[in-house]
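Here is the structure we will look at.
Just so you know, all these numbers are worked out from the coordinates, no wet-lab data involved. Just so it is clear, the model here is predicted, and its values are computed rather than measured. In this analysis, Cβ positions are derived from the backbone assuming ideal geometry, glycine residues included, and neighbour counts consider all displayed protein chains.
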Amino acid sequence: MKRVLPFLIIAAVFGIALVTAWSLKRSGAETAPVRSETPGVSPNARNPSTSASAPVAIPAAADAGADPPHAHGPVNAPVTIEEFGDFQCPPCSLLHPVLKTMEAEFGSRLRVIFREFPLVPTHEHALVAARAAEAAGMQGKFWEMHDLLFTNQNSWKDAFDVRPIFEEYARKIGLNLARYRQDVSSETVQYRIFLDGKRARSLGVKGTPTVFMNGREVPFESLAPEKLRTLISAEIGKRGQ
Amino acid sequence: MAVTPELTTNPNPSRPAILYAAAAVVSLVGLADAIYLTVEHLSGRSVKCTIVSGCSEVLSSQYATVGGVSLALVGAIAYFVVFSLATLAAFGYKGSGKLLTFVVALMFVTSLWLVYLQAFVIKAFCQFCLLSALVTFALTGLVVAILLRERTR
């Protein structure tokens, strides 16, 4: 028995390690407890599933966020994707081309909304980036700045001072620089970020990217292109379009 | 019950056995830490630091992967190997102690390198990575204690 005992212990620890990893993955993929306990569904969620593994719906009492939101696609599109993102978050920059592909594939059947959720102080430049995007939005070029920030994330995330870099982006997309500089530190921009953050907190958003599709959270592992495509198609199918 | 030749080679196993058992227990802390980091890395989530604020910077840096493999996964495997070897050594299995010394020495050097990277290259600290380094340093201390004990015998 003494000869076998260490191997039994090692096997037991190996099993426990696997189970722990599996449960950690599950708990990370599922929604936060705050959201799973929140009653009510979004008016957009016409057919919310009630199964235990189903994504959790947006509560009706959730904060509205900045208005109007930054959105691509028609208001009456059968599928609305709402992303809570942080321009300095690496997974968000990976999601960026995926959403672009989905927009190209589904056209007017898909509406994409971006909400600011800068993870400060974890990401030191996230707030400045959010302000830059919002300031660009004041001149009607939010998405141009949004795209530049994500596609060039690696070139600015480690910079000491990102402001000149973002100003260069502003110049590149044809913004009025004097107005951009003014807007970046304006109360309007600050308030929009605050409102998006308020909405995020009311929904229990804790990390980025967090994505809701027609009012229900999409598990992180379903944000891969093929899975997201299937989910969008299924959602369109439900609405008979 | 038959006693294996390996088990008879250690006539006074109490003290080293305790140290090996301690090394096994300590390695479990490192294993838990590395599993958490591996899962978070594979899930693509941003790990949130609660004590220091550089987790994202460290874990999204180019040093977080080796040849496309998460360093946290390599760490988890290393800690499991240390646990296995320490357990076998605690039960008197010949050879496992020497192998444990070699693996822990390798981990010690790697940990020193990773702490250096955090301090001087990335210029940000990740608490989970620091915990892992601390565990490795503790394991190194235990292995050194075992070696000293065996030398004085």
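Descriptive notes on the structure:
- In region A:55-238, a dipole from Cβ-located charges (positive for Lys and Arg, negative for Asp and Glu) runs towards its positive end, and of A:224, A:139, A:107 it is A:107 whose Cα lies farthest in that direction.
- Bridge type composition, region A:55-238 - antiparallel percent by DSSP, nearest 5: 60
- Mean Cβ count within 10 Å, highest first, over the residues of peptides A:179-185, B:18-24: B:18-24, A:179-185
- Cβ crowding within 10 Å, taken as a proxy for footprinting-reagent exposure, orders A:187, A:221 from fewest neighbours to most as A:187, A:221.
- Basic side chains Lys and Arg get +1 at the Cβ, acidic Asp and Glu get -1 at the Cβ, and with that the dipole of region B:13-152 about its Cα centre reaches some 320 debye.
- Between residue A:224 and residue A:23, the FRET efficiency from the beta-carbon distance, with R0 = 22 Å, is close to 0.55.
- For the peptide B:84-91, the mean number of other protein chain Cβ atoms found within 10 angstrom of a residue's Cβ is 4.
- Gap separating the Cα centres of region A:163-191 and region A:89-138, nearest whole Å: 17
- Here the dipole of region A:55-238 is about 240 debye; that uses its Cα centre as origin and unit charges on the Cβ of Lys and Arg (positive) and Asp and Glu (negative).
- Sites residue A:63 and residue B:152 - FRET efficiency at Förster radius 56 Å, r taken between beta-carbons, to 0.05: 0.25
- Per residue of peptide B:21-27, the mean number of Cβ atoms on other chains within 10 Å of the residue Cβ is 1.
- Nearby lysines by direct alpha-carbon distance to residue A:2 (threshold 24 angstrom, same-chain neighbours under 8 apart not counted): B:94, B:98
- Annotation for residue B:51 and residue A:8: the two label points, set 7 Å from Cα along the Cα-Cβ direction, are 3.6 nm apart.
- Report note on the peptides A:70-77, A:136-143, A:212-219: ranked by the mean count of other C-beta atoms within 10 Å, highest first, their order is A:212-219, A:136-143, A:70-77.
- The mean number of Cβ atoms from other chains found within 10 Å of a Cβ in peptide A:6-13 is 5, as a whole number.
- Span from the region B:106-153 Cα centroid across to the region B:70-84 one, whole angstrom: 14
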